[in-house]
């Protein structure tokens, strides 16, 4: 079976103006959302308390609210369904630092008589730990991007590195926009998903860039947009196939993974789609826009090869003792 | 048809043998052999990050120095007055300056203290280094003590470790019931600070009308009775001795068969205790635990031998935990909760079930897809994929790594990346076959052409994984670990392994001339 024949080259760069326009609009929309609605930090980053309760039957949310109202520990607590009608989470901004007084026990005591239930999870994240996790999270995101930038610049050329980073920032921005739009709680797992998107999207970009590098060094054509179109076409089957399989896997995770992995899977799902799009329609056009000069690169490569040859010659001379 | 063995296939075969051998204990849950540990999010348990109020440790260090000064002056009949202490300093006056030399000799033995003697006024301040040292020691001591206590609690493999400079990580897997969790938390947080204190008999009668400030003016404190909070005791603020001189504590029973705790003191403690009781016949001695008076018996005679009892209204289990806490030593500085995550076993089981469904479902989809698209080349890729999974599991079992829920997600992603490598290779081979080169050349060039892209892609992902590992916590670290292991394993399986298989089958492929069967293309 084959998705694409290698007989004709698609004109991707011809459509890149429209794609760039779309990307700019989407990125701006994402930032507008981030600024107005804002990210919904979960307990991991904002600090707070989560108690997850599962009932044998449908959870009596109204009754639970009444019962918890009296206790000041549950001031401003929100009670929402979690995955199924039987299961709810109680969220609070406050935390208790006392090791012996447990919010799980307090909840159990307060809900006694409201039905047959089980407390399945208690998460307490103190404000200090929360801000520390946030700090570490942002640091890790920046460090990962930096590390990748250096590697790509070393393996390709600085314009390739910058283009791939722009694509990465594009992807993470859109993913954050989607998370804000849906109103997901941003916890550690979402951060992990964002870092995975970085890796995935970069993967895609590098496969295309590798082809472009190959086209530039080996091919005779010196028109960059033609090389890019050719390279994207050649890798299109791989891009489609890998994106589809990854999409399948993440989609099953999203459908069957359960509520607890929901946010992670959602973020990845967005990332797979956006990452595939960006490697074709964001990274490559930017490379083009930067005015990467193929002829100039050829000259540079030739000069480098000459230097290497000269070095080898010198070494050979030195080793044979003719100096 | 003779098939040629090559070094790649040999390494691949060895890797598969390794993978099968070390993953069997985890897969089959055999009795022996190293298995993958399930994270707390999958098997249920309690994770806590504790902080230490180190300033309290400094305070109690000052307090114990004050106690030793008092004891020294009483033994040597040196008269001192207005012994006071603040958070970091002690001051007192000598009534007879002839004792200055003896007192100075004693004080200069105390480590990390700066002593200022101004005629009869003596002051002692802890140096900054000593304060830092005391704070550090308080954390180490808390870790040590909590570890000792949990080791005796009866759970398998409790984790107690320092995290960062001043945090303590406690992980208890396999806590099954709420009661068990409650007990563990109490055992961890209990200061278990035992103090034997003298009741201030001169003013004891007025205790109910006294305020805390009044008491402090006399060098006393007011403490409540443990069973009856309305009952108050006025005791001297500086204890006669504390739990640091305790050598043993165990559960015993009184004549009514109620549990109590017998404790014994070391020789120094026994001497101080003997001296004090000898001098204080007719007065009361308060047995104070964590700031509450458990009993205050009359001293009838000098008590030598250095043993005593703590009676209270507790169950046998509570007495047992209390004895453990006393034996392990007290926690000098109070600890507080910075982070807690507790997962019930049923939620863990649900998470395993859901992620297994996702993992297996996704895996089967990918495998079918590869065979439909690439035919035999797809099957070769699938062999590599299964080998990859086994090797990940084997390495994780071998190193006793922990499999968390994000770790499972990491494995799912690795499956995707390993497949990607084979997709890239197969596409390259197809392309070369279309160009009309020989099967041998198509395979060799296909691999070498694909290699650069695969390596670059894998290395950048590894960079992200390493950063995640360095900056991530708990469960996220698990994600980084499985991804890293998965990528390394995929280089072995998806690149080297499949190459070996093609090399072995090369002649066969060439002879069959059936590119549709082998690579899923015409021609």
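Tabulated data for the structure shown
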{"quantity": "Matching residues in region B:261-274 - criterion: being farther than 25 Å from residue B:320 by Cβ and surrounded by fewer than 16 Cβ atoms within 10 Å (Cβ to Cβ)", "calculated": "B:267, B:268"}
{"quantity": "Count - residues of region B:415-435 that are more than 10 Å from every other protein chain (Cβ to nearest Cβ) and surrounded by fewer than 24 Cβ atoms within 10 Å (Cβ to Cβ)", "calculated": "2"}
{"quantity": "Failed item in (1) part of a loop (DSSP other than H, G, I, E, B); (2) over 26 Å from residue B:244 (Cβ atoms), with residue B:358 passing the rest", "calculated": "(1)"}
{"quantity": "Condition met for residue A:130 (at pLDDT 85 or above and assigned to a loop (DSSP other than H, G, I, E, B))", "calculated": "no"}
{"quantity": "Subset of region A:248-264 that is within 8 Å of chain B (Cβ to nearest Cβ) and within 17 Å of residue A:187 (Cβ to Cβ) - its residue that is nearest to the chain's Cα centre (by Cα)", "calculated": "A:264"}
{"quantity": "Qualifying positions in region A:198-215 - surrounded by fewer than 24 Cβ atoms within 10 Å (Cβ to Cβ) and more than 10 Å from chain B (Cβ to nearest Cβ)", "calculated": "A:215"}
{"quantity": "Yes/no for residue B:477 being part of a helix (DSSP H, G or I), surrounded by fewer than 24 Cβ atoms within 10 Å (Cβ to Cβ), out of contact with any strand residue (DSSP E or B) (no Cβ under 6 Å at 6 or more places or on another chain) and modelled with pLDDT under 85", "calculated": "yes"}
{"quantity": "Selection status of residue A:277, at pLDDT 90 or above and either at positive phi or assigned to a helix (DSSP H, G or I) (or both)", "calculated": "yes"}
{"quantity": "Of all residues making up region B:463-474, the number that are at the interface with chain A (Cβ under 9 Å from one of its Cβ atoms) and either at pLDDT 85 or above or surrounded by fewer than 24 Cβ atoms within 10 Å (Cβ to Cβ) (or both)", "calculated": "8"}
{"quantity": "Any hit, region B:266-274, residues being assigned to a helix (DSSP H, G or I) and within 14 Å of another protein chain (Cβ to nearest Cβ)", "calculated": "no"}
{"quantity": "Verdict on residue A:139 being without any contact (Cβ under 8 Å) to a residue 40 or more places away in the chain, surrounded by fewer than 21 Cβ atoms within 10 Å (Cβ to Cβ) and within 7 Å of chain B (Cβ to nearest Cβ)", "calculated": "yes"}
{"quantity": "Single residue of A:175, A:192, A:167 found to be assigned to a helix (DSSP H, G or I) and closer than 21 Å to residue B:407 by Cα", "calculated": "A:192"}
{"quantity": "Test result for residue B:365, under 30 Å from residue A:46 (Cβ atoms) and within 14 Å of chain A (Cβ to nearest Cβ)", "calculated": "no"}
{"quantity": "Residue check for residue A:240: modelled with pLDDT of 85 or more, in a helix (DSSP H, G or I), at the interface with chain B (Cβ under 10 Å from one of its Cβ atoms) and surrounded by fewer than 22 Cβ atoms within 10 Å (Cβ to Cβ)", "calculated": "yes"}
{"quantity": "Index of the failed condition, residue B:522 passing every other in (1) in a helix (DSSP H, G or I); (2) within 11 Å of another protein chain (Cβ to nearest Cβ)", "calculated": "(1)"}
{"quantity": "Unmet requirement for residue B:448, which otherwise passes all of (1) surrounded by fewer than 21 Cβ atoms within 10 Å (Cβ to Cβ); (2) modelled with pLDDT of 90 or more; (3) within 10 Å of another protein chain (Cβ to nearest Cβ)", "calculated": "(3)"}
{"quantity": "Count - residues of region B:338-354 that are within 17 Å of residue B:47 (Cα to Cα), surrounded by fewer than 21 Cβ atoms within 10 Å (Cβ to Cβ) and at the interface with another protein chain (Cβ under 7 Å from one of its Cβ atoms)", "calculated": "1"}
{"quantity": "Filter result for residue B:357 (without any contact (Cβ under 8 Å) to a residue 60 or more places away in the chain, facing chain A (nearest Cβ under 7 Å), farther than 23 Å from residue A:97 by Cα and more than 27 Å from the chain's Cα centre (by Cα))", "calculated": "yes"}
{"quantity": "Where residue B:379 falls short, out of the listed (1) more than 20 Å from residue B:479 (Cα to Cα); (2) touching a residue at least 12 places away in the same chain (Cβ under 8 Å)", "calculated": "(2)"}
{"quantity": "Some residue of region B:440-454 being out of contact with any helix residue (DSSP H, G or I) (no Cβ under 8 Å at 6 or more places or on another chain) and closer than 19 Å to residue B:374 by Cα", "calculated": "yes"}
{"quantity": "Residues being at the interface with chain B (Cβ under 7 Å from one of its Cβ atoms) and within 27 Å of the chain's Cα centre (by Cα) - total across region A:122-132", "calculated": "6"}
{"quantity": "Among the candidates A:154, A:160, residue that is within 11 Å of another protein chain (Cβ to nearest Cβ) and within 17 Å of residue A:289 (Cα to Cα)", "calculated": "A:160"}
{"quantity": "Out of A:179, A:148, sole residue that is surrounded by 21 or more Cβ atoms within 10 Å (Cβ to Cβ), over 26 Å from residue A:29 (Cα atoms) and either assigned by TED's automatic domain parsing to the domain that holds residue A:267 or out of contact with any helix residue (DSSP H, G or I) (no Cβ under 6 Å at 6 or more places or on another chain) (or both)", "calculated": "A:148"}
{"quantity": "Residue in region B:37-53 that is more than 14 Å from every other protein chain (Cβ to nearest Cβ), surrounded by fewer than 16 Cβ atoms within 10 Å (Cβ to Cβ) and under 43 Å from the mean Cα position of the chain (by Cα) present", "calculated": "no"}
{"quantity": "Spans of strands (runs of 3 or more DSSP E) in region B:206-260 with at least 1 residues modelled with pLDDT under 85 and loosely packed, with under 15 Cβ neighbours inside 10 Å", "calculated": "B:246-253"}
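Every residue, every condition in (1) surrounded by 12 or more Cβ atoms within 10 Å (Cβ to Cβ); (2) assigned by TED's automatic domain parsing to the domain that holds residue A:112; (3) over 30 Å from residue A:108 (Cα atoms); (4) in contact with a helix residue (DSSP H, G or I) (Cβ under 7 Å, 6 or more places away or on another chain), yes or no:
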| position | (1), (2), (3), (4) |
| --- | --- |
| A:19 | yes, no, yes, yes |
| A:27 | yes, no, yes, yes |
| A:36 | no, no, yes, no |
| A:60 | yes, yes, no, no |
| A:66 | no, yes, no, no |
| A:71 | yes, yes, no, yes |
| A:80 | no, yes, no, no |
| A:83 | yes, yes, no, yes |
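The values are calculated or read from the model by the stated rules, or taken from the named source; none is laboratory data. As the structure is a computational prediction, the values presented were derived from the model and not from experiment. Virtual Cβ from ideal backbone geometry, glycine too; neighbours counted across all protein chains shown.
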